[in-house]
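This report refers to the structure that appears directly beneath it.
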Amino acid sequence: MANVHRPRVFLDVNIGQQPTGRLTIELFTDKTPRTAENFHQLCTGEHDGLSYAKAPFHRVIDEFMIQGGDIANGDGTGTKSIYGGEFEDENLGWRDMDAAGLVCSANRGKDTNGSQFFLTLEPCPHLNGKHTILGQLVSGHDTLEKLSKVEVDNNDRPLEPVLIARCGELEKRSKKAAAPQPEHVVNESGAGSRGRRQKSDASDDEMTGSPAPPRPRPSRRKSDNLIDEGLRGRPRQRSKSQSKSRPLSATEEEATSDGTHSPHSPAEKHRRKRSPSPSRHVGEKRTDYADAQYERRRRSLPNQYGDERYNRNYGDEARYKPSPRRNDYEYAGRRGEDRYRPSHGRPRYENDAGRLDDGGGRLGGGGYDEHEPPVMFKGRGVMITVSMLSKSILNSLALLVGSAAAWPPSYPHSPPGGPGPYGPGSCAASSHHQWRLANFTSLVVFGDSYTDDSRLGYFINNHGAAPPVGYNDPVSYHAADGGRVWVEYVKQYTGANLYNYAVSGAVCSNEITPRWFSAINAPFPDIAGYELPAYLNDSALVYANGTKFMTDPPDATVYAMWIGTNDLGYSALIQDEQVAGTNLTTYVDCVYDQLDRVYANGGRFFVLLNVAPLNLAPEYGIAGQGGAGPNQYWEDKSGNISEISGRMLEEVVSANAIYQYRTPYEVVLANRYPGADFALYNVHDLMQNIHDNPSAYLNGTAPLNVTGHVNVCNATGGACVANTSPDSFMWYDELHPSEQTERIIAQTFVDVVKGVSAYATYWSS
């Protein structure tokens, strides 16, 4: 496969007033040309003076990413680009976020790219398909490491300014091989510089080992098109007189026609000044400890890698040390070729054009890789499954999640607020962990039978016809829990206006998990196809006298969504009956898509309830611990009941783990809902605690029961017998919580809305 030329650009970064180093980035112009060109021209400053010079890195999250490039406002709110504003996503699926050092376009949702970008500090598989990958870091990993360790405030903003001082494009050129040195001569770069090559002198051809044919040197180099911090972002070309009066620094130095530095060049003088004359070492034993250590490392590298092409001094010794979390060498920045020594007996991998494979723990990109020193990725490249999060994911977003209330609030299932694997059980003061609701006057809710009052009944009684616009959903005292549902108790406890759009049997979308309901000769109404449109129509309804149907002021209305019981359940995911090509993540995507619609209609305060512990419900319980056989909901239930329970446990844990990490990502990092406040209500652990500590929650006169249920019917739903002490039970029937359980859910919901619940994690944008 022919090598594709990919241009390289550089960013020289300052922390405070101190130069920190250079980031050299190779642009994927062959994969994402439009996005890469935007980044390229903002580095060179050739488009109407727009430039990254003076732009800050405004967000730093160690072990996750650093973000910058807001050339408009400098705070993460700007959307400028060379195309005039936001532009569309590009080739999102061409590779995964499987490496540290990837350069990606930041956005706040679909097709909202601009000048902002971020560099990954670890693999981020949870971002796969969400951001355009435009380049990769090929040099300056030590600089990136320094940037990741700067002190930040509660908004992840550096306490000391981190600015791009200069930026530009590096020239591609070839060098002739250096003349061999006598054995007794020490490298001229000296022990102090460790032989590190200047980054602007490293050419594509030198690094790939395929020299280009000789060509005349251009009168000007592209690398002279750099942006100087003293020129307010304007590009500058160096004239011949400037070159004489102010020579280039070592990182910018010009090469002579034969590819070597002039003996009178500033860099050569600097090196001679720092390094003792080679003649001083003739016949003299080196006793300096640092020099001796360097010499040992220099001599050992060719033997260590078994390749004479590594007989050069790169100098960044830390890159050759094994990760403290691994006992073997697994490096980033290379393709899987014969120079890779597979770890733990894993096979070698063949890739194209530097594209990475998923195995072997090898993270990073290819491209200019033959002579690029291997760079250690300090982390574990563990793959993520639906039922298990890798440690790299936990480390990536733990900095977002860790400073919030513990999620789950207890581990394992001790009283809320106890210690857990994700952080302390108290809410830390942070600007993006706020809940800014000052007054609660209205509640708009979407969901299924756990929340429905009477809407499904309307469909049944009207032959499948939907309620009209402006329908007042009456309270039901015989809802699916045997009494009133939790939202009616919230209304009772707070006096809020209630607009309940939940429908029994609903899923998020019938395009993912449609479930047929014979009573209406159609699938159960879903959130995407019925509940959200019904809400939007009601919110626009204005009566003839000018009054609105809904009282929904944006600063006093809370929008709640609790969905998933049917999506994960029978006739859906647990039986693999979803629409082909959809899965658990598609269901979660649907949830946030519906919240998008509410946000676009003015919603600003959201409570997202995660999935209940369905594996504890009799419908999906373990045999011998309340697990039910065929019943009124799942008449043809068969197979291993315990296996069904285990499958449901996997689905619940996986869905809730996605909610846990995706919510802060969408709200804080992606800024998908600017100005909105979110509460992730961990109703799962609340119900788990009811199960584990029933005496603290259930108050009936009969013995407390968390495995059985109040209303016992035959397999067809007939011959039902209800217990006379329903408040002693956690479950009303095989699938639904009891009214007492829903009272507790309502009481805790009120605390969530007040911003004081240990069962909620709060996020604000």
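Observations, loosely collected:
- Positions within region 84-110 being at positive phi and in contact with a strand residue (DSSP E or B) (Cβ under 7 Å, 6 or more places away or on another chain), in sequence order: 101
- When we screen 502, 466, 519, 496 for residues that are hydrophobic (A, V, I, L, M, F, W, C), surrounded by fewer than 23 Cβ atoms within 10 Å (Cβ to Cβ), on the phi < 0 side of the Ramachandran plot and in contact with a Ser or Thr (Cβ under 9 Å, 6 or more places away or on another chain), the only hit is 496.
- Number of positions in region 635-659 that are out of contact with any Pro (no Cβ under 7 Å at 6 or more places or on another chain), in contact (Cβ under 8 Å) with a residue 60 or more places away in the chain and more than 16 Å from residue 595 (Cβ to Cβ): 9
- Test for residue 746: is it assigned by TED's automatic domain parsing to the domain that holds residue 558, closer than 25 Å to residue 156 by Cβ and buried (at least 19 other Cβ atoms within 10 Å of the Cβ): no
- Residue 109 surrounded by fewer than 18 Cβ atoms within 10 Å (Cβ to Cβ), in a loop (DSSP other than H, G, I, E, B) and more than 17 Å from the chain's Cα centre (by Cα): no
- Qualifying positions in region 144-160 - touching a Gly at 6+ places or on another chain (Cβ under 9 Å) and either in a helix (DSSP H, G or I) or modelled with pLDDT of 95 or more (or both): 144, 146, 147
- The test for being surrounded by 23 or more Cβ atoms within 10 Å (Cβ to Cβ), within 19 Å of residue 170 (Cα to Cα) and not small (Gly, Ala, Ser) does not hold for residue 4.
- Scanning region 1-36 for residues that are among the β-branched types (Val, Ile, Thr) and assigned to a loop (DSSP other than H, G, I, E, B) gives 4, 29, 32.
- Being within 21 Å of residue 765 (Cα to Cα) and either of a type in the set (A, V, I, L, M, F, W, C) or not assigned by TED's automatic domain parsing to the domain that holds residue 163 (or both) holds for only one residue in 71, 82, and it is 71.
- Here residue 499 meets the list (1) among the hydroxyl-bearing types (Ser, Thr, Tyr); (2) farther than 26 Å from residue 593 by Cα; (3) assigned to a strand (DSSP E or B) almost entirely, failing just condition (2).
- Only listed residue being at pLDDT 95 or above and over 36 Å from the mean Cα position of the chain (by Cα), chosen from 445, 469: 469
- Selection within region 526-557 - surrounded by 24 or more Cβ atoms within 10 Å (Cβ to Cβ) and under 27 Å from the mean Cα position of the chain (by Cα): 527
- Any chance residue 710 is of a type in the set (Val, Ile, Thr) and within 24 Å of residue 492 (Cβ to Cβ): yes
- Counting residues in region 570-592 that are in contact (Cβ under 8 Å) with a residue 24 or more places away in the chain, surrounded by fewer than 23 Cβ atoms within 10 Å (Cβ to Cβ), on the phi > 0 side of the Ramachandran plot and hydroxyl-bearing (Ser, Thr, Tyr) gives one or more.
- Test result for residue 750, hydrophobic (A, V, I, L, M, F, W, C) and touching a Phe, Trp or Tyr at 6+ places or on another chain (Cβ under 6 Å): yes
- Verdict on residue 436 being out of contact with any strand residue (DSSP E or B) (no Cβ under 7 Å at 6 or more places or on another chain), in a loop (DSSP other than H, G, I, E, B), in contact (Cβ under 8 Å) with a residue 12 or more places away in the chain and basic (Lys, Arg): no
- Filtered residues of region 607-624 (kept if assigned to a helix (DSSP H, G or I) and either in contact with a helix residue (DSSP H, G or I) (Cβ under 6 Å, 6 or more places away or on another chain) or outside the structural domain of residue 653 (by TED's automatic domain parsing) (or both)): 614, 615, 616, 620
The values are calculated or read from the model by the stated rules, or taken from the named source; none is laboratory data. Keep in mind that what you see is a predicted model, and the values were worked out from it rather than measured. Heads up, the Cβs are rebuilt from the backbone with ideal geometry, glycines too, and the neighbour counts pull from every protein chain shown.
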